[in-house]
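Asks: Handing you a structure now.
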Amino acid sequence: MKKKYYVEGMTCAACCVHVEEAVNKIKAVKSASVNLFSKELFVESNVDVTKEIIKNVSKAGYKVILEDEYVFVEKKDYKKIKMIISLSLSVVLMYFAMGHMLGLPVFTFMKDLNNAVVLVLIQVVLALSVIIINNNYFVNGFKKLFILKPNMDSLIAIGSSCSFLYSLYSYIMIIINNGNLEVVKELFHNLYFDSSAMILALVSLGKFLEGSSTKKTQKSIKDLIKLIPDTALLCDEMGNYRKVLLKEVKEKDIVLVKQGMIIPVDGKVISGLASVDESRITGESVPVLKEVNDEVISSSIVISGSIKVKAEKVMEDTTISKIIKLVDEASNSKAPISRFADKVAGIFAFIVIAISLIAFSIYMLLGFDLSFALNIAISVLVISCPCALGLATPVAIMVGTGVAAKHHLIIKSAAVLENSNKIKNIVFDKTGTITYGKPEVVDIISYQEPNDFVLKIAYSLESLSSHPFAYAINNKANNLNLEKYEVNDFETIEGVGLKGVINNKIYYAGNLKGLSLLKNNILSKDIENQIDRIYQNGSNIIIVYNEKEIIGLIVIKDKVKENASQAIKYLKNLGIKPIIVTGDKLEVAKKVANEVGIDEVIAQVMPVDKAKVVKDIKTNNQGLVAMVGDGVNDAIALVEADVSFAIGNGTDVAVDSCDIILLTNDLMAIYTAIKLSKKVMKTIKMNLFWAFFYNCIGISLASGILYPSFGILLTPMIGALSMSISSLFVVTNALTINRFKVNEDKKAKGEIKMNEVSLFIPNMNCGHCQARIKGALDKIKGLEDIEVKLETKTVSFSTEKEKLIQKAIKSIEKEGYQVVR
């Protein structure tokens, strides 16, 4: 089982490591993952271990809150107020401490050392005020230090405390020696009240900026949550409709969805007719006509018309809720590349404290004064940044999974995102993957009986099957209004076809392999040649026969997806080898492979053997192997692959056997996933390099290693500022993933793909509205094929740039209209 909890009291990456260590000590726990930003703890275990989790995490110094008990409250941003006050007081403190040294105009009493007691008292009050405002660093820091779980707060607290206490000691000595100007002057140089306060102020500034940036990393999930309406129009027992909160809608309830409204549930249309925009889920920009018995997806928008929907899935069971859950879990998971950084972050504070003490001891032994050695020790403490190490991976993963969701990709874990970067071979199933999976009957060939009889026999058998070819035959028979025969002793023969007794006679519908299982050879040379010609043309055949003769052939063809060849081309450009593995005849598979540009084909493979084929490819080829299938017939092969893609239709978001779900039928989504993976991994490696490089160089400089030769020495204030900038760099660099665009490679090859945009304008009610919107869009250069349709209240145009889409939306809104994308 997998459960989510919330953890309070975490302030840095080391905290996450300590919480995970505490939870992983529980024997029944399989895995634990903590997210610093969302404060979420995901635990996978064999049994419920909630009590043990609360106990262990509490011992580590943190508080666990159950998911059901957690209530998020948008609090007033006191951090910003505290940061501004801290900085303001620290600047004033700097003026009183260093104003005369910086050549600033100062008060007269500040020039006379006889007033040192009063002057320093002002510094004490200001520094103490900043410390009280930022007391959380001391409370959390020393609390974790005392239980031997030091974190970043511990380092800040030690550094600031040492500065303040040493300065306080110097102030006491100034009071004792008041009047002895020589001693007072020397003691005055040992005051570091400004450092004790500025360290806290600069760290608070860095934390505030870091927090502002990390909020943006969760924007994608927040955008998904906005797709869920708060209310619905529920039909009561009297047939009247009333507005209720979405949580009040139950399964089998009837909801009314009018023009411009968002469909609140997954369900089936029971009455009405409507044009529905499903692009939020499937990515298909063309509205879909929904009528009675059609399925509808939650978060879709009714563009025109109105429908009554019987709820089949509500609240957390709806498609959009499952997508949000999967994205949330993926963004909170950890990539293998982060393991080393997590281990370092866990012991980082101990290492830094040790280096600080060693540096202090060395300079004291070398004969430097206490003030100098203490300055070095404090600089080492405050310049180190465990957060940069801890943030390097999770922020990039969080942004990456969110961007994937925007591109209609559900990536189930961070490990999958990392592995996708290493794919060198992709195995494609043919039917439903490279082709649309909606084959059509293109010809019926009969030998003894009429065509309708051949089709009726096949229809009677195939109506009991879920094979894609059954869809084609059933659809053809329904269009001709044919009736089925009663079938007895129905049987599915794996890899062969179907068998059943009709009118006391055994009939079969299947492939050539089935004929070889009969006692008598009923396949004539002429029919065999005819079958070969059909296969070479790229079509499939259902052979209808009994135990004595072949009564006819049903020719079926499945169209190749429109952009399949383009997707294969781009995958090859990434150095990835595509392979088709299918149960179809070799001739049919080769025809499709040639059409899309795939060189290697493995045909006539039964579903149970596809996993073995994938395993063989993994053994004989370098790099990881991916499998692309429908998530049902290919389940075993998908599990066997290093990375598995399942082609969805907008509702298949819970395919357990796959790693990445494509909510769209567009094969370019596979290319998008791999390109995004490369972008995310590049960002993570850059972040990790920066984090290690910064800490190695920063701690070395702070320890005074260059002071004997070059006289270079860092002050604690510069150290604190550097630490804040380091964390901010990592977060900001991760946010660049938001600028990811699939068409970057296409531009380089001169193959720019235009984005086709469709917008819904619910309050466009007349011709004047239509003209105003059209006029606003005509002013924007770079928009093509602009259409403003009053009857459907939609606006459509094409552009290659995302920023022009945003500009168009703002222009329409500026005219006073609502825009739903």
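Asks: How many residues, within segment 103-132, are in contact (Cβ under 8 Å) with a residue 60 or more places away in the chain and of a type outside the set (S, T, N, Q)?
Replies: Within segment 103-132, residues that are in contact (Cβ under 8 Å) with a residue 60 or more places away in the chain and of a type outside the set (S, T, N, Q) number 9.
Asks: Which of the residues spanning segment 29-69 are exposed (fewer than 15 other Cβ atoms within 10 Å of the Cβ), in contact (Cβ under 8 Å) with a residue 24 or more places away in the chain and of a type outside the set (S, T, N, Q)? Working first, answer last.
Replies: Going residue by residue through segment 29-69, those that are exposed (fewer than 15 other Cβ atoms within 10 Å of the Cβ) are 30-31, 44, 46-48, 50-51, 55, 58-59, 63, 66-69.
Those left that are additionally in contact (Cβ under 8 Å) with a residue 24 or more places away in the chain: 44, 46-48, 50, 59, 63, 66-67.
GLU44, VAL47, ASP48, LYS59, LYS63, LEU66, GLU67, listed by residue number.
Asks: From VAL327, VAL302, which residue is among the hydrophobic types (A, V, I, L, M, F, W, C) and modelled with pLDDT of 85 or more? Even if it seems obvious, please write down each step before you answer.
Replies: Numbers: VAL327 fails: modelled with pLDDT of 85 or more.
When all the criteria are applied, what remains is VAL302.
Asks: Are any of the residues in segment 169-188 assigned to a helix (DSSP H, G or I), in contact with a Gly (Cβ under 6 Å, 6 or more places away or on another chain) and either buried (at least 19 other Cβ atoms within 10 Å of the Cβ) or without any contact (Cβ under 8 Å) to a residue 40 or more places away in the chain (or both)? First the steps, then the outcome.
Replies: Within segment 169-188, the subset assigned to a helix (DSSP H, G or I) is 169-176, 181-188.
Filter once more, keeping what is in contact with a Gly (Cβ under 6 Å, 6 or more places away or on another chain): none.
No.
Asks: Please enumerate the residues belonging to segment 75-89 that are outside any helix (DSSP H, G or I) and either at pLDDT 85 or above or open to solvent by 70 Å² or more (accessible area, probe 1.4 Å) (or both). Walk me through it before giving the result.
Replies: In the first step, residues of segment 75-89 are kept if they are outside any helix (DSSP H, G or I); the result is 75-77.
Passing the criteria: LYS75, LYS76.
Asks: Name the residue, out of LEU205, LEU155, LEU119, that is under 30 Å from MET398 (Cα atoms) and open to solvent by less than 20 Å² (accessible area, probe 1.4 Å).
Replies: On the way: LEU205 fails: open to solvent by less than 20 Å² (accessible area, probe 1.4 Å); LEU119 fails: under 30 Å from MET398 (Cα atoms).
Just one listed residue meets the conditions, LEU155.
Asks: Within segment 173-194, which residues are among the acidic types (Asp, Glu) and over 19 Å from ALA373 (Cα atoms)? Working first, answer last.
Replies: In the first step, residues of segment 173-194 are kept if they are among the acidic types (Asp, Glu); the result is 182, 186, 194.
GLU182, the sole residue that qualifies.
Asks: Among the helices (runs of 4 or more DSSP H) lying completely within segment 389-485, list those that include at least 3 residues that are in contact with a Ser or Thr (Cβ under 9 Å, 6 or more places away or on another chain) and without any contact (Cβ under 8 Å) to a residue 24 or more places away in the chain.
Replies: On the way: elements: 394-406, 414-420, 451-462, 468-479.
Filter on segment 389-485 gives 468-479.
Asks: Also, quick follow-up: Report, by residue number, each residue of segment 279-299 that is buried (at least 17 other Cβ atoms within 10 Å of the Cβ), assigned to a strand (DSSP E or B) and modelled with pLDDT under 85.
Replies: Passing the criteria: only VAL288.
Asks: Hey, another quick one. Inside segment 579-589, can you point out the residues that are open to solvent by 10 Å² or more (accessible area, probe 1.4 Å) and touching a strand residue (DSSP E or B) at 6+ places or on another chain (Cβ under 8 Å)? Break it down stepwise before answering.
Replies: Kept after step one, since they are open to solvent by 10 Å² or more (accessible area, probe 1.4 Å), are these residues of segment 579-589: 583-587.
Selection gives ASP584, LYS585, LEU586.
Asks: Could you grab me the full set of residues in segment 6-28 that are modelled with pLDDT of 85 or more, outside any strand (DSSP E or B) and either hydrophobic (A, V, I, L, M, F, W, C) or surrounded by 19 or more Cβ atoms within 10 Å (Cβ to Cβ) (or both)?
Replies: Answer for segment 6-28, where residues must be modelled with pLDDT of 85 or more, outside any strand (DSSP E or B) and either hydrophobic (A, V, I, L, M, F, W, C) or surrounded by 19 or more Cβ atoms within 10 Å (Cβ to Cβ) (or both): VAL19, GLU20, ALA22, VAL23, ILE26, ALA28.
Asks: Considering each residue of segment 191-221, count those that are modelled with pLDDT of 65 or more and basic (Lys, Arg), and give that number.
Replies: Selection size over segment 191-221: 1.
Asks: Tally time: how many residues in segment 523-578 are open to solvent by 60 Å² or more (accessible area, probe 1.4 Å), under 23 Å from SER460 (Cα atoms) and in a strand (DSSP E or B)?
Replies: Selection size over segment 523-578: 1.
Asks: Among residues belonging to segment 493-508 that are outside any loop (DSSP other than H, G, I, E, B) and hydrophobic (A, V, I, L, M, F, W, C), point out the one that is modelled with the lowest pLDDT.
Replies: We begin by selecting, within segment 493-508, every residue outside any loop (DSSP other than H, G, I, E, B); these are 493, 497-502, 505-508.
Okay, now just the ones that are also hydrophobic (A, V, I, L, M, F, W, C), so 493, 498, 501-502, 506.
Values: ILE493: 85, LEU498: 90, VAL501: 93, ILE502: 92, ILE506: 92.
The extreme case among them is ILE493.
Asks: Hey, another quick one. Determine, yes or no, whether ASN421 is surrounded by fewer than 24 Cβ atoms within 10 Å (Cβ to Cβ) and touching a helix residue (DSSP H, G or I) at 6+ places or on another chain (Cβ under 6 Å). Talk me through it step by step, then tell me what you get.
Replies: Values: surrounded by fewer than 24 Cβ atoms within 10 Å (Cβ to Cβ): yes; touching a helix residue (DSSP H, G or I) at 6+ places or on another chain (Cβ under 6 Å): yes.
Yes.
Asks: Still on this structure, please answer the following. Exactly one condition in (1) touching a residue at least 40 places away in the same chain (Cβ under 8 Å); (2) under 31 Å from the mean Cα position of the chain (by Cα); (3) buried (at least 17 other Cβ atoms within 10 Å of the Cβ) is not met by LEU638; state its number.
Replies: Every condition holds for LEU638 apart from (1).
Asks: Within segment 311-324, work out how many residues are crowded, with 17+ Cβ neighbours inside 10 Å, of a type in the set (D, E, K, R) and either in a strand (DSSP E or B) or at pLDDT 85 or above (or both).
Replies: The qualifying residues number 1.
Asks: Within the bounds of segment 676-694, is there any residue that is over 16 Å from the mean Cα position of the chain (by Cα) and on the phi > 0 side of the Ramachandran plot?
Replies: No, every residue in segment 676-694 fails to be over 16 Å from the mean Cα position of the chain (by Cα) and on the phi > 0 side of the Ramachandran plot.
Asks: Can you confirm whether ASN621 is polar (S, T, N, Q), closer than 19 Å to ASN421 by Cβ and open to solvent by less than 70 Å² (accessible area, probe 1.4 Å)? Step through it out loud before you land on a result.
Replies: Numbers: polar (S, T, N, Q): yes; closer than 19 Å to ASN421 by Cβ: yes; open to solvent by less than 70 Å² (accessible area, probe 1.4 Å): yes.
So ASN621 passes the test.
Asks: Now a separate question. When you scan segment 247-264, do you find a residue that is at pLDDT 85 or above and more than 21 Å from SER299 (Cβ to Cβ), even just one?
Replies: Within segment 247-264 (the criterion being at pLDDT 85 or above and more than 21 Å from SER299 (Cβ to Cβ)), the answer is no, since none of the residues qualifies.
Asks: Can you work out which of the residues in segment 91-116 that are open to solvent by less than 30 Å² (accessible area, probe 1.4 Å) and within 52 Å of the chain's Cα centre (by Cα) is modelled with the lowest pLDDT?
Replies: Restricting attention to segment 91-116, the residues satisfying the condition of being open to solvent by less than 30 Å² (accessible area, probe 1.4 Å) are 93, 96-97, 99, 110, 116.
Keeping just the survivors that are within 52 Å of the chain's Cα centre (by Cα) gives 93, 96-97, 99.
Working: LEU93: 86, PHE96: 83, ALA97: 79, GLY99: 73.
Going through the qualifying residues, I end up with GLY99.
Asks: Let me ask another. Can you name the residue in segment 485-498 that is more than 46 Å from the chain's Cα centre (by Cα) and not β-branched (Val, Ile, Thr) and is also surrounded by the most Cβ atoms within 10 Å (Cβ to Cβ) among such residues? Show your work before the answer.
Replies: If we filter segment 485-498 for residues that are more than 46 Å from the chain's Cα centre (by Cα), which is where we start, we get 485-489.
Now restrict to residues that are not β-branched (Val, Ile, Thr): 485-486, 488-489.
On the way: TYR485: 18, GLU486: 9, ASN488: 11, ASP489: 9.
So the residue we want is TYR485.
Asks: Please count how many residues of segment 173-190 are at pLDDT 80 or above and under 26 Å from VAL380 (Cβ atoms).
Replies: Qualifying residue count for the region: 1.
Asks: Based on this model, can you work out whether LYS682 counts as open to solvent by 50 Å² or more (accessible area, probe 1.4 Å), closer than 30 Å to VAL352 by Cα and either at pLDDT 85 or above or of a type in the set (S, T, N, Q) (or both)? It would help to see each step written out before you state the result.
Replies: Working: open to solvent by 50 Å² or more (accessible area, probe 1.4 Å): yes; closer than 30 Å to VAL352 by Cα: yes; either at pLDDT 85 or above or of a type in the set (S, T, N, Q) (or both): yes.
In short, yes.
Asks: Within segment 463-484, which residues are surrounded by 16 or more Cβ atoms within 10 Å (Cβ to Cβ) and either in contact with a strand residue (DSSP E or B) (Cβ under 8 Å, 6 or more places away or on another chain) or over 20 Å from VAL441 (Cβ atoms) (or both)?
Replies: Listed by number, the residues that qualify are SER465, PHE469, ALA472, ILE473, LYS476.
Asks: On to the next question. Could you look through segment 686-712, keep only residues that are surrounded by fewer than 20 Cβ atoms within 10 Å (Cβ to Cβ) and touching a residue at least 60 places away in the same chain (Cβ under 8 Å), and pick out the one that is farthest from ILE353 (Cα to Cα)? Even if it seems obvious, please write down each step before you answer.
Replies: At the first step, the residues of segment 686-712 found to be surrounded by fewer than 20 Cβ atoms within 10 Å (Cβ to Cβ) are 686, 689-690, 692-693, 696-697, 700, 705-712.
Then keep just the ones that are touching a residue at least 60 places away in the same chain (Cβ under 8 Å); that gives 690, 692.
On the way: TRP690: 21, PHE692: 17 Å.
Going through the qualifying residues, I end up with TRP690.
Asks: Among the listed residues ILE337, ILE347, ILE355, which satisfies the condition of being open to solvent by 10 Å² or more (accessible area, probe 1.4 Å), at pLDDT below 85, touching a helix residue (DSSP H, G or I) at 6+ places or on another chain (Cβ under 8 Å) and in a helix (DSSP H, G or I)?
Replies: Working: ILE347 fails: touching a helix residue (DSSP H, G or I) at 6+ places or on another chain (Cβ under 8 Å); ILE355 fails: at pLDDT below 85.
Step by step, each of ILE337, ILE347, ILE355 is checked, and only ILE337 is open to solvent by 10 Å² or more (accessible area, probe 1.4 Å), at pLDDT below 85, touching a helix residue (DSSP H, G or I) at 6+ places or on another chain (Cβ under 8 Å) and in a helix (DSSP H, G or I).
Asks: ILE812: in a helix (DSSP H, G or I) and either open to solvent by less than 30 Å² (accessible area, probe 1.4 Å) or in contact with a helix residue (DSSP H, G or I) (Cβ under 7 Å, 6 or more places away or on another chain) (or both), yes or no?
Replies: Values: in a helix (DSSP H, G or I): yes; either open to solvent by less than 30 Å² (accessible area, probe 1.4 Å) or in contact with a helix residue (DSSP H, G or I) (Cβ under 7 Å, 6 or more places away or on another chain) (or both): yes.
Taking the combined requirement at face value, the residue satisfies it.
Asks: Let me ask something else. Which residues, counting only those in segment 442-451, are under 18 Å from ASN481 (Cβ atoms) and modelled with pLDDT of 90 or more?
Replies: So in segment 442-451, the residues under 18 Å from ASN481 (Cβ atoms) come out as 444, 450-451.
Correct list: ILE444 only.
The values are calculated or read from the model by the stated rules, or taken from the named source; none is laboratory data. This structure is a prediction, so every number in the text was calculated from the model and none was measured. FYI the Cβ positions are ideal-geometry reconstructions off the backbone, even for glycines, and counts take in every protein chain you see. Accessible surface areas use protein heavy atoms only, side chains included; no ligands, DNA or RNA. Shrake-Rupley method; radii C 1.70, N 1.55, O 1.52, S 1.80 Å.
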